[in-house]
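Input: a single structure, listed below in structure tokens.
The values are calculated or read from the model by the stated rules, or taken from the named source; none is laboratory data. Just so it is clear, the structure is predicted and the values come from calculations on it, not from any experiment. Positions of Cβ are backbone-derived with ideal geometry, glycine not excepted, and every protein chain shown enters the neighbour counts. The area values use the complete protein model at the heavy-atom level, side chains included, leaving out ligands, DNA and RNA. Shrake-Rupley method; radii C 1.70, N 1.55, O 1.52, S 1.80 Å.
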Amino acid sequence: MTLKYRIERFEFHDLKTKQFITIVGWCYQEDNESVNYHIKLDGKEVDFDLFRPGREDIINGYDLGFKNTHIGFRLTVPCDVEPTSIEVNAYTDTLSECILNYDQRKINKYRDKRGIRNYIDEFSYNEETKTYQVKGWAFSYEKEPITFSILNAAGKEVEFDYKSKGRVDLYSLSMVDEDQIDCGYTIKWKGNAKEKYRFVLKTKNYQSKKFFKKRRLVKM
């Protein structure tokens, strides 16, 4: 029996208030024996948070037939100092294998200083109602409240309608915690098709901007 695994995402979050590493993927033993993990930073074993999401996509895709579908993992590793190396070992009662080993150069390759994650799923303009609509999701890595605002070309705030939406898909992909599921949004506002609008998201420490114009989206 061997361990099967894949690292799907590695992120080194270098924020103003803290640093931490997030590792997302899946791992299983062929007889579905429980898999656990050891993590070393700079050669020293450290504590970390482990979330085990269900991965029906892997179970069904490989026709594994496991009753326990929680073979996914999200490892969150706090960093007290700038890490120079990280090693992750997966193990069962009978097996042990190193599934990730990065040096400082590789860690820095995945350095992310964004405090806000914001993604636009859909952007449209209705000619008849002269209404812009933006659908997407956003969350704060520091779990701070996010304020939204729309500004016109003159820099004045525009009134808008905001509705939140649950994003179980992001939770299942280990991108957000359970208390962040309602990170989806739909925003609508009346506007001129020829005018450019600024979409601003803010927390205490961070800001994210995007510029909108009919048939155009400019990321900043």
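Shape summary: region 112-151 maps onto an equivalent ellipsoid whose semi-axes, from the alpha-carbon gyration tensor, are 27, 11, 7 Å in decreasing order. A simple charge model with +1 on the Cβ of Lys and Arg, -1 on the Cβ of Asp and Glu and nothing else charged puts the dipole of the chain at about 1900 debye relative to its Cα centre.
Derived scalar couplings between HN and Hα for region 17-33 equal 9, 6, 10, 7, 10, 10, 10, 10, x, 8, 7, 8, 9, 4, 9, 6, 5 Hz in order, rounded to whole Hz, by the Karplus curve 6.51 cos²θ - 1.76 cosθ + 1.60 (θ = phi - 60°), x for Gly and Pro. With the whole protein complex present, Thr22 retains an accessible surface near 10 Å², based on a 1.4 Å probe. With the convex hull of its Cα atoms as the shape, region 85-147 has an orientation-averaged projected area of 8.3 nm². Evaluating 6.51 cos²θ - 1.76 cosθ + 1.60 at θ = phi - 60° for every residue in region 173-187, the Karplus couplings come out as 8, 6, 8, 9, 7, 4, 7, 10, 4, 7, 8, x, 8, 10, 10 Hz, glycine and proline recorded as x. For the chain, the 222 nm mean residue ellipticity estimated from helices alone, with every DSSP H stretch of n ≥ 4 adding -39500 (n - 2.57) and the total spread over all residues, rounds to -1500 deg cm²/dmol.
Working note: Debye formula, equal point scatterers on the alpha-carbon atoms of region 30-95, no solvent; log10 I(q)/I(0) at q = 0.12, 0.25, 0.26 Å⁻¹ is -0.40, -1.08, -1.13. Considering region 64-220, its Cα convex hull presents a mean projected area of 13.8 nm².
Per residue, the accessible area of the chain comes to 57 Å², computed with a 1.4 Å probe over protein heavy atoms only.
How long are the three semi-axes of the equivalent ellipsoid for region 1-123, computed from the Cα gyration tensor as the root of 5 times each eigenvalue, in whole Å, largest first?
In descending order the semi-axes read 27, 20, 11 Å.
Highest average first, the peptides 149-155, 198-204, 112-118 ordered by how many other beta carbon atoms sit within 10 Å of their residues are 198-204, 112-118, 149-155.
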